[in-house]
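Working notes, beginning with the structure itself.
The values are calculated or read from the model by the stated rules, or taken from the named source; none is laboratory data. This one's a predicted model, so the numbers in the text were calculated from it and none came from an experiment. Note: ideal-geometry Cβ built from the backbone for every residue, glycine included; neighbour counts use all protein chains shown.
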Amino acid sequence: MNYSTAENWLFSRRRLGMKYNLERMQALMDALGSPQEAFRTVHVVGTNGKGSTTAVLAALGRGLGLRVGHTTSPHLLNYRERINLDDTWIPEEEAARFVTDHRALIQKYSATFFEITTAMAAWYFAGNGAEWVIAEAGLGGRLDATRVFRGEATVFTGVQVEHSRILGATRALIATEKVAVAEAGTLLVAALQTPDVESVVTGAVDRLGLRRVQPVQVDCAPLPGPHQKHNGGLALAAAFEVFGRPSGQVRAVYEGLCANGLKWPGRLDVRAGSPAILFDVAHNPESMEALLGFVKGWQKPVPAVIGFLSDKPWQTMVEMAAGTVGPVFAVTPLSERMLPADELALAFRAAGTECTPFGTIEEALAACRRFTGDGRMIVTGSFFVVGEAILQAERHGWVRP
């Protein structure tokens, strides 16, 4: 297969949905020769901040001279960004080769889209000399496909209620699923939590004999937004523990990242243009709060292109954003879990914010730009919305790549 054919075949596996057990995944990894045993792994689990913490921790490892791979999901701009080694996406020819050479095994074990991607990551990292892999869990932890990597450390970023049908309806139940990724006798990096979640964390520490470490207090973060100090502190604490370098050297690398900045597309990502556009994946109330705090000093209301998934607490986010954003140019995410733009528009209008639904993200972007003129605008909501908007804006030359 060429890459385009392989990618199309991969995305066709999404029709299988998600299957919550590890037996099939473990069998596939065994058949591949257990590539996950060729490198050391740190797991990153939680509701918010997983991707940012993963990115910072991987950058710290690279800055210390290590070959570091990391996995993230979902992707924003390109499937290949899910598998990253030394700050470079997996090459097209490597992804195509994995699918071509192992399609029979994938079909034999009925592997899902996410399981295939996880197996491909392990295969690629092992074959290209990765020393460490920072693995962002896809959903939960206990039954997440990345658990077969059997990490020697887990970073827990915290929880909010999400995916209740799968993970449970309370923060404590969700935390139980996520912290369960930790292997007995390994390291757990976790801040003090609210009492309900803290009891879950301390219970896991006692039951599994985990060594718990608190995040490091930091004065700066490599990524924009005050909430990123929490993620940076978690990453720095993990780096102190696992990378085997003097603490002064690790701290120096971290401060260098703060000074130079770390680009993480779609996360408080301001792109120069006329108008300037802030792209941010604010897909739950906590991330929406961070976005609204970031634009606190901007002239209000801020024109915005917004689209949410229907299984997110989107009504809450509408109520939060109303008054700060406006007018809103509503769009429908390109996902089976889409929230129709018409329904989102009704909700914003009910909250007192002018809102117009659009048929495509491209049309909404163009209309919002015309309204904004030389000011600033926002694109936010689902990964599906923000990723497509970045691609369209770059294609049209509306922002710098």
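Quick notes on this one:
- Hits in the range 355-401 - residues which are exposed (fewer than 14 other Cβ atoms within 10 Å of the Cβ) and without any contact (Cβ under 8 Å) to a residue 40 or more places away in the chain: Gly359, Arg370, Arg395, His396, Gly397, Pro401
- Scope the range 15-55; condition at pLDDT 95 or above, in a loop (DSSP other than H, G, I, E, B) and surrounded by fewer than 15 Cβ atoms within 10 Å (Cβ to Cβ); matching residues: Gly33, Ser34
- Residue match in the range 272-286 (condition: assigned by TED's automatic domain parsing to the domain that holds Val189, on the phi < 0 side of the Ramachandran plot, at pLDDT 95 or above and within 17 Å of the chain's Cα centre (by Cα)): no
- In the range 329-350, the residues that are crowded, with 17+ Cβ neighbours inside 10 Å and not in a helix (DSSP H, G or I): Phe329, Ala330, Val331, Thr332, Pro333, Met338, Leu339
- Considering Thr316, Thr332, the condition of being among the β-branched types (Val, Ile, Thr) and in contact with a Ser or Thr (Cβ under 9 Å, 6 or more places away or on another chain) is satisfied by Thr332 alone.
- Any hit, the range 229-237, residues being assigned to a loop (DSSP other than H, G, I, E, B), in contact with a helix residue (DSSP H, G or I) (Cβ under 8 Å, 6 or more places away or on another chain) and modelled with pLDDT of 95 or more: no
- Tally, over the range 303-317, of residues that are assigned to a helix (DSSP H, G or I) and surrounded by 23 or more Cβ atoms within 10 Å (Cβ to Cβ): 2
- If you go through the range 279-298 and pick out every residue that is among the charged types (D, E, K, R), touching a Lys or Arg at 6+ places or on another chain (Cβ under 7 Å) and under 11 Å from Thr324 (Cβ atoms), you end up with 0.
- Of all residues in the range 180-201, those satisfying the criterion of being part of a helix (DSSP H, G or I) and out of contact with any strand residue (DSSP E or B) (no Cβ under 8 Å at 6 or more places or on another chain) are Pro195, Asp196, Val197, Glu198, Ser199, Val200.
- Close pairs (6 angstrom Cβ cut-off, 6 or more residues apart or separate chains): polar (S, T, N, Q) in the range 35-47, not in a helix (DSSP H, G or I) anywhere: Thr41/Val133; Thr41/Ala135; Thr41/Gly151; Thr47/Val159; Thr47/Gln160; Thr47/Glu162
- Residue that is farthest from Asp219 (Cα to Cα) [pool: residues in the range 244-270 that are modelled with pLDDT of 95 or more and of a type in the set (Lys, Arg)]: Arg245
- Tallying residues that are buried (at least 16 other Cβ atoms within 10 Å of the Cβ) and more than 30 Å from Val250 (Cα to Cα) within the range 56-101 yields 9.
- The residues on offer are Ala122, Ala130, and the sole one that is in contact with a helix residue (DSSP H, G or I) (Cβ under 7 Å, 6 or more places away or on another chain), surrounded by 15 or more Cβ atoms within 10 Å (Cβ to Cβ), within 16 Å of Arg40 (Cα to Cα) and not hydroxyl-bearing (Ser, Thr, Tyr) is Ala122.
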